[in-house]
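Working notes for the structure below.
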Amino acid sequence: MNRPSTPLVLALSVFLSGGALAANPPARILENQQIVPLRTISAADQAALSRAAMKTLNHIGEARAALARKDAGTARANLRQADTLLDIIQAGLPTAQVRDQIRVAESKLKLQYQDTKVVEPDLVPLYASLDAIEDFAAVPQARAHLDQAQAKLKTGDKSGAAQELQAMDAALLYQEADLPLAATRGFVRAAESELARGNLKLADEHLRAAEDNVVTYTAFVDEPIVAARANLARAQRNYVAGRLDAARADLGRAVTQLDRAVARADGAVKQDVSALAQDARALGGKLDASAHADARDTSRDLSLLWHRTRALADRSMDYTAVGWKRLSVHNPVEQHLIEARLHARYAEIDAGIGNNPARAATDLAETWRYLEEARGTPGIAPHTRQTVEALMKQLDALRQPGSTPDAAALAGLQSSIAGALRSL
């Protein structure tokens, strides 16, 4: 993809008379980077490469077990297998061509720097997960507890980190383990060399280093929209159980989290998050004004708030790049499908709990618009285009003027969009 040119201001003029800084002069140094995917891989290929990486570690472990038994032949055979797997992984990794350009604008000398290289990832994901953790007791010091949890994770104190997190509203738990390809290959070959010399102890030390060099991440991500979802769920449960004070407190925390989410939200959903914050604040005022508010309407309003917040929280998680997604060149089709899925969920909410067919129709129109944008993405792969067109046919069957969309069909559309996202 093409990144926008980024002007680099090298110096600022200073007025000699007053010493004040002048306005920035026009940028003369322009930088541009173009990233073109050369080899992309499917979700099935990604899973196969992750399994190959795991098998590599298994063979390294088996080689170490053989060395402990002084069985050099078995160790050598396992390392050959590990070597073969590493070659397969290397050949199957996605690659991209990166072209950097730096030039002087409006220069008679036509000075220009260009460099083009093919890059591929070195860290091969063994596994990756992103889960929402919502069972923490909410307290005002949640952010301080998050900082403490992160600090304890860095020192390896996972138990202490877990205790800190008990005081948080909610968080995203991100876990990943990666196999460093170049380092692992170096350790395996060093072990093979020591085996050839008959030095089993040094061979084992190299293999232990290969195991120790697996890169692991564990992090808790403060995501306010996820925390708002958790608080709204608790508010709904407490309201239904007649615990009004607890429901008010939960709703108040949800408003705080939604306000934080508004500040973080991107342009596409900022208005949606802001509207949720306003609705939550209005509902909180309704609960404060009277404990005898219409129970049915209040319960429905809480449910609507929770469902729409959940849809936005799931969108946030969809955009979080973990595992193989971190290694991929940005795919605009994915962005359009994530937005299409969000609006399909809105349609389900408005057609069901919201009992608002007109608004559901608007949601489906937005879903259609994003699918059209996905289909029209420049350079879209033929099979991906076919998938998007199938989604559009599925959606078209739902859009019957003047009628409420079928709930089962809406659920099927969401499932199909989620499947299309997984296949990218």
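The values are calculated or read from the model by the stated rules, or taken from the named source; none is laboratory data. Treat the numbers as computed from the prediction; the structure is a model and nothing was measured. Because the Cβ atoms are built from the backbone with ideal geometry, glycine has one as well, and the counts that use them run over all protein chains shown.
Descriptive notes on the structure:
- Answer residue from the stretch 322-347, given it is modelled with pLDDT of 90 or more and of a type in the set (D, E, K, R) and is surrounded by the fewest Cβ atoms within 10 Å (Cβ to Cβ) among those: E339
- Helices (runs of 4 or more DSSP H) fully within the stretch 221-321 that include at least 2 residues being of a type outside the set (D, E, K, R), surrounded by 15 or more Cβ atoms within 10 Å (Cβ to Cβ) and touching a Pro at 6+ places or on another chain (Cβ under 8 Å): 244-264.
- Enumeration of residues in the stretch 399-424 that are closer than 17 Å to R315 by Cα, without any contact (Cβ under 8 Å) to a residue 60 or more places away in the chain and surrounded by 16 or more Cβ atoms within 10 Å (Cβ to Cβ): S416
- In the stretch 348-375, the qualifying residues are those that are out of contact with any Ser or Thr (no Cβ under 8 Å at 6 or more places or on another chain) and assigned to a loop (DSSP other than H, G, I, E, B), and the one that is surrounded by the most Cβ atoms within 10 Å (Cβ to Cβ) is G354.
- For the stretch 339-358, taking the residues that are aliphatic (A, V, I, L, M) and without any contact (Cβ under 8 Å) to a residue 60 or more places away in the chain, the one that is nearest to R369 (Cα to Cα) is identified as A358.
- Hits in the stretch 175-216 (condition: under 39 Å from the mean Cα position of the chain (by Cα), over 12 Å from A75 (Cβ atoms) and without any contact (Cβ under 8 Å) to a residue 24 or more places away in the chain): G186, A190, E205, A209, D212
- Any hit, the stretch 29-41, residues being modelled with pLDDT of 65 or more and closer than 30 Å to L207 by Cα: yes
- Count - residues of the stretch 202-217 that are touching an Asp or Glu at 6+ places or on another chain (Cβ under 8 Å) and either of a type in the set (F, W, Y) or farther than 14 Å from T56 by Cα (or both): 6
- If you filter the stretch 70-90 down to residues that are among the basic types (K, R) and assigned to a helix (DSSP H, G or I), you find that the one that is surrounded by the fewest Cβ atoms within 10 Å (Cβ to Cβ) is R80.
- In the stretch 242-257, the residues that are on the phi < 0 side of the Ramachandran plot form Cβ pairs under 7 Å with partners that are part of a helix (DSSP H, G or I) and surrounded by fewer than 17 Cβ atoms within 10 Å (Cβ to Cβ), at six or more places apart or across chains, as follows: R248/D288; V255/R281.
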